[in-house]
Every structure is written in C-alpha cells, then in structure tokens.
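The block underneath contains the structure these notes are about, expressed in structure tokens.
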Amino acid sequence: MEDNALQTSVQIEGEIASHPFIQTITIARGQKRIDCGLTINWKKNVGIGEYKQGDDWKDRRRAFCDDRFKLNILFPARLESPELYKNAPFDVCKSQLENTFFNSWDSIKHNIILHWADLVEPNEKYGMALLSDHTTSYSYGEDFPLGLTAQYSGIGLWGPDYKITEPL
C-alpha cells in the first residue's frame, strides 16, 4: 500500500472459512509500535467456539468461552518469566491468572481489558504491550502467546430467542 522513507504499510487479503478479510500492518519511522487492522466480512454467524452450542441452558459449559477456541490475533514474544499487567475495567492491575482458559459460565476468569495488556520481564528490561481501540478480551497461558480476541460467537451471545439469519 505504501513504502517510503517515513512509513511502510502492507495489506493482506484472504479468507477465513470462506469469509473475506483484509488485514493491514503499518510500520512508521520513529515509532516503537506496529499498527494492525483487521476487517472480516462475515456472511453469517459461523459459530466460532469449541463445539456447536445447543439449547441446553441448564448445562454450565459454554462453547464460546474458552479463549483457545476464539478467533485470536496472537503475538508470540520471547520473554523470560514475564508478568502480565492490564488496563482492566475500573482498575490497572497485575494479572494473577495462570491462564485465561475456562469453558463454563461459573468459572469465568477476569480477562477483559479496556485498552491494553502488557507483558514485562521481572527486571523490566524487555516487554511488549498490546493496545486495542476498544474493550476486548485477551488470551494468555503456558505455551499460548499473548493475544487479543478478534471474534467469538455462539448461541449464548445472542440469547435463546434470537435468530441469526443469513443475508438474502
């Protein structure tokens, strides 16, 4: 898209399960950040999740809860024993979570961020921050890099009475 002395931008186009997407990545001279954008043209609710959620609302387990099965944008980093800090609702705090993985509504973990999540080594020599322009959730755990949730879906998000219809 752009390649000059001040800025380089690339655009990647493709499909996720037949749904078109456009991703942009921009690096600007003098900036310590990399700007990323993602647009997905969903044709229908594809039901992202661990399994197809049924209508059994008495079951505590939910297909769309576990971060490992959401559509994540992952950012692997080689950091030694990093600590995770986050801009959580009503707080900025150090995460006490071993991971963000859960699959039932009664074991929900506090993995919502307002604007950022930050990994930093204990000596504070190296780190990495992920910034978001909206409230989202993050994923993280042993052998699972820090990531931001790009999309999740499931019957529980729409309620038992709502119907998702495909475009005409």
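The values are calculated or read from the model by the stated rules, or taken from the named source; none is laboratory data. Keep in mind the model is a prediction, meaning the values are calculated, not measured. Quick reminder, even Gly has a Cβ in these numbers, built from the backbone with ideal geometry, and neighbours come from all protein chains shown. These accessible areas exclude ligands, DNA and RNA; they are computed on the full protein's heavy atoms, side chains included. Shrake-Rupley method; radii C 1.70, N 1.55, O 1.52, S 1.80 Å.
Quick one: pull the percent of accessible area on region 1-60 belonging to carbon and sulfur, 1.4 Å probe, ligands and nucleic acids left out. Walk me through the intermediate numbers first.
On the way: 2330 of 4670 Å².
The C+S portion of the solvent-accessible surface of region 1-60 is 50 percent.
Go ahead and set up a Gaussian network model of the chain, Cα springs under 10 Å, then flag whichever of Asn103, Asn72, Asn41 fluctuates most.
For the chain, modelled as a Gaussian network with Cα springs under 10 Å, the answer is Asn41.
Explain nothing, just the number: relative contact order of the chain, from Cα pairs under 8 Å at least 6 residues apart, as a whole percent.
Numbers: 310 pairs, mean separation 35.8, N = 168.
Once normalised by length, the contact order is 21 percent.
Which whole-number percent is the relative contact order of region 1-68 (Cα, under 8 Å, 6+ apart)? Present the calculation step by step, with values, prior to reporting the outcome.
Working: 85 pairs, mean separation 13.8, N = 68.
Taking the mean separation of contacting Cα pairs over the length of region 1-68, I get 20 percent.
Quick one: among Lys125, Lys94, Lys109, which has the greatest mean-square fluctuation in a GNM of the chain with alpha-carbon springs under 10 angstrom?
Lys125
Per the helix-only calculation at 222 nm, which mean residue ellipticity applies to the chain, given -39500 (n - 2.57) for every DSSP H run of n ≥ 4 and division by its residues, nearest 500 deg cm²/dmol? Display every interim value, and only then the final one.
On the way: 1 runs with 4 residues, N = 168.
Result for the chain, helices only: -500 deg cm²/dmol.
Which whole-number value in Å² is the accessible area per residue of region 29-72, probe 1.4 Å? Walk me through the intermediate numbers first.
On the way: 3250 Å² over 44 residues.
Dividing the accessible area of region 29-72 by its residue count gives 74 Å².
Would you list which aspartates and glutamates come within 13 Å of Lys125, measuring only between C-alpha atoms, while excluding same-chain residues fewer than 8 positions from it?
Glu80, Glu83
Taking the Cα-to-Cβ direction at Ser104 and at Phe21 and moving 7 Å from each Cα, how far apart do the two end points lie in nm?
3.1 nm
Report, to the nearest whole %, how much of the accessible area of region 78-123 belongs to carbon and sulfur atoms, 1.4 Å probe, protein only. Each step should come with its number before you reach the end.
Numbers: 1520 of 2870 Å².
Within region 78-123, the accessible surface is 53 percent carbon and sulfur.
Of Pro145, Pro82, Pro122, which is the most mobile in a GNM of the chain whose springs link Cα atoms less than 10 angstrom apart?
Pro122
To the nearest 20 debye, what charge dipole does region 39-153 have about its Cα centre, counting +1 at the Cβ of each Lys and Arg and -1 at the Cβ of each Asp and Glu?
Working: 14 positive and 17 negative charges, 103 e Å.
With Lys and Arg at +1 and Asp and Glu at -1, about 500 debye.
Return the ratio Rg/(2.2 N^0.38 Å) for the chain, where Rg is computed over Cα atoms only. Mind showing how you got there, number by number?
Working: Rg = 18.0 Å, N = 168, 2.2 N^0.38 = 15.4 Å.
Cα Rg divided by the expected 2.2 N^0.38 Å: 1.17.
Note down the relative contact order for region 75-120 as a percent, whole number, built from C-alpha pairs under 8 angstrom at least six residues apart. Kindly include the intermediate steps, with their values, before the conclusion.
Numbers: 48 pairs, mean separation 21.5, N = 46.
In percent, rounded to a whole number, it is 47.
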